[in-house]
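Notes follow the structure.
The values are calculated or read from the model by the stated rules, or taken from the named source; none is laboratory data. Here the structure is a predicted model, which means the values were calculated and not measured. Quick reminder, even Gly has a Cβ in these numbers, built from the backbone with ideal geometry, and neighbours come from all protein chains shown. To get the accessible areas, we keep the full protein, side chains included, count just its heavy atoms, and leave off ligands, DNA and RNA. Shrake-Rupley method; radii C 1.70, N 1.55, O 1.52, S 1.80 Å.
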Amino acid sequence: MAALPYLVLFLLLLRPAATPAARAPPPSNPPPPQPNQKVFVWPKPTSISWPSVAYAPLTPSFSIHAVPPHPSLRHAIAYYTRLIRTERHTPLVAPSNYTLASVPVRVLTISVSEADVPLGPDVDESYTLSVPAESGSADISAATPWGAIRGLETFSQLAWAGGGEAAGGQSIVPSGIEISDRPHFTHRGILLDTARNFYPVRDILHTIRAMAFNKLNVFHWHITDAQSFPIVLPTVPTLANLGSYSPAMRYTDKDVRRIVNYAAAFGVRVIPEIDMPGHTGSWAGAYPEIVTCANKFWAPTAQPALAAEPCTGQLNPLNPKAYSVAQDVLRDLSSLFPDPYLHGGADEVNTACWEDDPVVRRFLSEGGTHDHLLELFVNATRPFMVHELNRTVVYWEDVLVGPKVMVGPTVLPKETTVLQTWNNGADNTKRIVAAGYRAIVSSAAYYYLDCGHGGWVGNDSRYDKQEKESEGAPLFNDPGGTGGSWCAPFKTWQRVYDYDILHGLTEEEATLVLGGEVALWSEQSDAAVLDGRLWPRAAAAAETLWSGNKGASGRKRYANATDRLNDWRYRMVARGIRAEPLQPLWCPLHPGMCNLS
């Protein structure tokens with residue numbers, strides 16, 4: 001009999017560490033939280049209170065109800081009910097030494113105080129989430145349906161496949177947890193270029209779903225560019241008929257409505273962009289008379305380039321028909337896209353392309369300027385977007401700060417203009433907000449996800465060089481060179497995560513920054529590589545834009561973020577998002593062992 005205690009001890013040591021303690025009512029004086037326990041939610045919520053490390057299983061019939069019911073939540077409730085009931089995620093390093101509550105969670109109740117608030121800029125996405133201990137229920141409270149959708153995503157991530165037989169094979173959620181959450185920035189987006197290469201509708205929907213998983217709320221659809229015009233517009237259908245790559249590579253009005261409605265069901269706005277007057281070579285098939293320098297070699301020998309990249313063509317501000325066509329395009333666009341924002345492009349206007357036209361050359365010889373040409377175009381299209389279509393106009397920063405062609409602030413009223421930055425990092429953001437404009441930050445040095453994949457123009461002899469390149473010259477084929485990518489290097493998730501979009505701004509200037517967008521320009525991307533190009537780097541941006549990249553001490557939390565993002569990446573993959581790995585699997589399985597210090 002003396003050996004019995006040792007046998008019992010031996011059996012206890014063999015017990016798996018992740019097995020929960022026996023069911024028991026919560027103690028009257030709950031112990032403090034154990035430091036190694038984590039709440040696996042991405043983006044990290046702004047406030048979490050979880051005084052006792054306990055979990056409650058979900059019942060097999062777990063359900064979600066909105067009180068009172070809200071039509072705008074119908075799709076989200078159905079989607080997340082299915083997801084939560086069927087997903088069986090296990091964290092890479094599962095929590096251990098926890099208590100399993102005796103009362104399972106049967107229902108999640110959603111209450112929304114302002115159910116009729118439309119999806120749009122500055123919408124309130126805050127929510128509170130609680131799972132009262134031993135209550136059998138969970139609650140989400142939000143001011144708007146859009147905040148409730150964010151709370152649903154958080155609840156779905158709280159659930160994981162712990163508890164074993166004691167949980168009846170069901171997922172478990174933290175018991176006694178309270179979360180209060182709201183985004184730092186109201187504009188958190190992804191730009192996808194569907195003109196350089198085409199993306200089928202299913203892949204756009206797939207991306208929007210992944211955005212909702214990460215609480216991103218703006219899909220900036222860069223629909224057209226010089227290379228193709230893939231959207232069929234009812235008033236000007238020949239633009240797509242003659243400007244798309246093929247009939248199979250066009251978006252119909254039915255496709256657009258499907259995308260917009262699907263996005264809205266997840267609380268994601270869709271902002272369309274038709275870039276003009278530059279980047280319009282694809283318009284020349286239908287309307288050659290309104291496009292200058294169309295279908296010409298982009299980089300003629302010993303002459304200025306006609307475009308920033310292959311495929312030339314710009315709308316001619318001196319041709320009245322250019323404005324009637326542009327207004328038809330914008331009118332059709334506004335009927336398909338209900339968002340209050342409409343992106344008018346206006347970047348990278350090429351002076352040599354305009355000068356290729358004899359009428360433009362005569363205008364310049366008589367004292368006109370390139371800035372005046374752009375001003376003519378903006379003055380003829382911007383008021384139409386604002387007054388006729390009731391839209392706030394978004395432009396790329398070039399329209400105000402150049403560097404080559406720009407207009408003055410009197411042409412761009414601040415009340416109805418938003419500017420999107422992409423050059424010179426924090427410096428251009430500073431210039432824009434200091435001038436009093438609202439800004440969306442998409443710095444190429446941090447947020448361009450296409451960078452670092454080498455060049456794509458053909459017949460480039462610079463790749464032939466094997467010897468050391470000369471000191472002081474921009475490196476190309478040498479180690480550390482650009483390899484032909486104008487915005488090299490590759491933007492790692494750490495670079496994205498650590499970028500502070502408010503750097504160098506005063507408190508007043510910071511209030512004008514609406515948020516940011518990571519951008520995937522598609523010269524070297526299509527649906528085959530879409531997930532890997534976006535994720536997990538877009539997820540890194542999502543957390544910094546939702547809850548910041550700093551902890552309570554004010555120090556950046558990228559070391560902490562590594563473990564959490566590793567786990568989130570594996571969960572995204574299980575949800576069908578083919579995100580790239582961050583590290584060898586060995587690293588998250590051995591926390592801290594892959595750190596520098």
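Points worth noting:
- Residue within region 562-572 that is surrounded by fewer than 17 Cβ atoms within 10 Å (Cβ to Cβ), at negative phi and out of contact with any His (no Cβ under 6 Å at 6 or more places or on another chain) present: no
Each row is one residue, and each column tells you yes or no for (1) open to solvent by 30 Å² or more (accessible area, probe 1.4 Å); (2) within 33 Å of the chain's Cα centre (by Cα).
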{"site": "ILE259", "(1), (2)": "no, yes"}
{"site": "VAL270", "(1), (2)": "no, yes"}
{"site": "LEU306", "(1), (2)": "no, yes"}
{"site": "PRO338", "(1), (2)": "yes, yes"}
{"site": "LEU364", "(1), (2)": "yes, no"}
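- In region 170-184, the residues that are in contact (Cβ under 8 Å) with a residue 12 or more places away in the chain form Cβ pairs under 7 Å with partners that are among the acidic types (Asp, Glu) and surrounded by 22 or more Cβ atoms within 10 Å (Cβ to Cβ), at six or more places apart or across chains, as follows: ARG182/GLU125; PRO183/GLU125.
- Boolean, SER156 is open to solvent by less than 30 Å² (accessible area, probe 1.4 Å), more than 30 Å from SER228 (Cβ to Cβ) and either touching a helix residue (DSSP H, G or I) at 6+ places or on another chain (Cβ under 9 Å) or touching a residue at least 60 places away in the same chain (Cβ under 8 Å) (or both): yes
- Evaluation of VAL359 against the conditions (1) under 30 Å from CYS487 (Cβ atoms); (2) open to solvent by 10 Å² or more (accessible area, probe 1.4 Å); (3) β-branched (Val, Ile, Thr) shows that the sole unmet condition is (1).
- ASP531 vs. criteria open to solvent by 10 Å² or more (accessible area, probe 1.4 Å), part of a helix (DSSP H, G or I) and under 30 Å from PRO310 (Cβ atoms): yes
- Residue that is surrounded by the fewest Cβ atoms within 10 Å (Cβ to Cβ) [pool: residues in region 161-203 that are of a type in the set (Phe, Trp, Tyr) and touching a helix residue (DSSP H, G or I) at 6+ places or on another chain (Cβ under 9 Å)]: PHE185
- Contacts under 8 angstrom Cβ, first residue in region 569-581 being without any contact (Cβ under 8 Å) to a residue 24 or more places away in the chain, partner part of a loop (DSSP other than H, G, I, E, B) and crowded, with 22+ Cβ neighbours inside 10 Å, 6 or more apart: VAL573/ALA579
Okay, residues lined up against (1) acidic (Asp, Glu); (2) closer than 19 Å to ALA161 by Cα; (3) surrounded by 11 or more Cβ atoms within 10 Å (Cβ to Cβ); (4) modelled with pLDDT of 95 or more:
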residue: ARG23; (1), (2), (3), (4): no, yes, yes, no
residue: PRO30; (1), (2), (3), (4): no, no, yes, no
residue: PRO33; (1), (2), (3), (4): no, no, yes, no
residue: GLN37; (1), (2), (3), (4): no, yes, yes, no
residue: PRO43; (1), (2), (3), (4): no, no, yes, yes
residue: SER47; (1), (2), (3), (4): no, no, yes, yes
residue: PHE62; (1), (2), (3), (4): no, yes, yes, yes
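- Looking at LEU514, LEU520, LEU545, LEU502, just one residue is among the hydrophobic types (A, V, I, L, M, F, W, C), surrounded by 15 or more Cβ atoms within 10 Å (Cβ to Cβ), modelled with pLDDT of 95 or more and closer than 18 Å to ASN197 by Cα, and that residue is LEU520.
- From the list GLY548, GLY516, GLY480, GLY484, the lone residue that is on the phi > 0 side of the Ramachandran plot and touching a Ser or Thr at 6+ places or on another chain (Cβ under 9 Å) is GLY548.
- Output for region 353-384, where each listed residue is of a type outside the set (A, V, I, L, M, F, W, C) and in contact (Cβ under 8 Å) with a residue 60 or more places away in the chain: ASP356, ASP357, THR381
- Residue that is farthest from ALA434 (Cα to Cα) [pool: residues in region 467-501 that are part of a loop (DSSP other than H, G, I, E, B) and in contact (Cβ under 8 Å) with a residue 40 or more places away in the chain]: THR492
- Of the residues ASN459, ASN379, the single one that is out of contact with any strand residue (DSSP E or B) (no Cβ under 9 Å at 6 or more places or on another chain), of a type outside the set (Ser, Thr, Tyr) and at positive phi is ASN459.
- Highlighted here are the helices (runs of 4 or more DSSP H) found entirely within region 232-343 that include at least 2 residues which are under 30 Å from THR144 (Cβ atoms): 253-265, 320-336.
- Beta carbons closer than 9 Å, at least 6 apart along the sequence or on distinct chains, pair a first residue in region 67-78 that is over 16 Å from GLU125 (Cα atoms) with a second that is of a type in the set (Ser, Thr, Tyr) and open to solvent by 30 Å² or more (accessible area, probe 1.4 Å) for VAL67/THR109; VAL67/SER111; PRO68/SER111; HIS75/TYR262.
- Among the candidates GLU87, GLU134, GLU114, residue that is within 16 Å of ALA161 (Cβ to Cβ) and acidic (Asp, Glu): GLU87
- For region 293-302, the condition holds for at least one residue, the condition being that it is open to solvent by less than 10 Å² (accessible area, probe 1.4 Å) and either within 16 Å of VAL236 (Cα to Cα) or touching a Cys at 6+ places or on another chain (Cβ under 8 Å) (or both).
- Annotation note: of VAL53, VAL41, VAL67, VAL93, the sole residue that is under 26 Å from the mean Cα position of the chain (by Cα) and of a type outside the set (Lys, Arg) is VAL41.
- Only one entry in LEU108, LEU119 is within 27 Å of the chain's Cα centre (by Cα), of a type outside the set (Ser, Thr, Tyr) and either open to solvent by 10 Å² or more (accessible area, probe 1.4 Å) or at pLDDT 95 or above (or both), namely LEU119.
- Criterion: at positive phi, out of contact with any Pro (no Cβ under 6 Å at 6 or more places or on another chain), modelled with pLDDT of 95 or more and not hydroxyl-bearing (Ser, Thr, Tyr) - qualifying residue of GLY436, GLY454: GLY436
- Residue match in region 71-83 (condition: in contact with a Lys or Arg (Cβ under 8 Å, 6 or more places away or on another chain), aromatic (Phe, Trp, Tyr) and open to solvent by less than 20 Å² (accessible area, probe 1.4 Å)): no
- Among (1) under 19 Å from VAL256 (Cβ atoms); (2) among the charged types (D, E, K, R); (3) touching a helix residue (DSSP H, G or I) at 6+ places or on another chain (Cβ under 7 Å) - the single one ASP347 does not satisfy: (1)
- LYS468 being surrounded by fewer than 13 Cβ atoms within 10 Å (Cβ to Cβ) and among the basic types (Lys, Arg): yes
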